[in-house]
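To start, the structure under review is shown below, and the notes come after it.
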Amino acid sequence: MKYKNLIILGFIVLIIGFCVYLYLPGYTRYQQIRQKAEHLETEISSLKKRNESLLQECNLLQKDVLHLEKVMRDELGLVKPGEVVYKTIEDVEKRAK
């Protein structure tokens, strides 16, 4: 009787081990895919926010003359005719970066 119980127990352990062997790689792959999906969702969300920000900036540049003038002065360094521009050391260091 003991011998029969040991065979049954061994068979059950073998089946459980085989199931774990089949299940574990799939589960590991599932976890990797899930993490990648979460990362991609975060990236998509960030890109959507960036896209919205750029669309707002585009609308401002098309419709708001004062904003357009500010951008032209700050980023492009343009001046109106007859203006004299004084640059401080801080301004030069900002543009160098």
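Numbers for the structure displayed
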| read-out | value |
| --- | --- |
| Radius 15 Å from Cβ of Lys63, net charge of other residues (Lys, Arg +1; Asp, Glu -1) | -2 |
| The chain - mean residue ellipticity at 222 nm from DSSP helices (-39,500 (n - 2.57) per run, n ≥ 4, rounded to 500) | -30500 deg cm²/dmol |
| Two-site label geometry, Glu57 and Asn5: point separation in nm, points 7 Å out along Cα→Cβ | 7.6 nm |
| J(HN,Hα) series, the stretch 28-45, from Karplus relation 6.51 cos²θ - 1.76 cosθ + 1.60, nearest Hz, glycine and proline x | 4, 5, 4, 4, 4, 5, 5, 5, 5, 4, 4, 4, 5, 4, 4, 5, 4, 4 |
| Cβ-Cβ FRET estimate between Arg73 and Ser45, R0 fixed at 30 Å, reported to 0.05 | 0.35 |
| Cα-centred dipole magnitude for the stretch 29-88, charges only on beta-carbon of K, R (+1) and D, E (-1), debye, nearest 20 | 240 debye |
| Diffusion constant of the stretch 2-79 at 4 °C, which comes from Stokes-Einstein with the Kirkwood Cα-pair radius and 1.567 mPa s, µm²/s | 71 µm²/s |
| With Cα atoms, 0 to 90° folded angle of helix 65-76 axis to the chain main axis | 80 degrees |
| Protection-proxy order for peptides 33-40, 76-83, each taking the mean of Cβ atoms within 10 Å per residue, highest first | 33-40, 76-83 |
| Burial ranking of peptide ranges 65-73, 20-28 (average Cβ count within 10 Å, highest at the top) | 65-73, 20-28 |
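Values in this text are rule-based calculations from the coordinates and carry no lab data. These numbers were taken from a predicted model, which means no experiment stands behind them. Glycine gets a Cβ as well: all are built from the backbone with ideal geometry, and neighbour counts include every protein chain shown.
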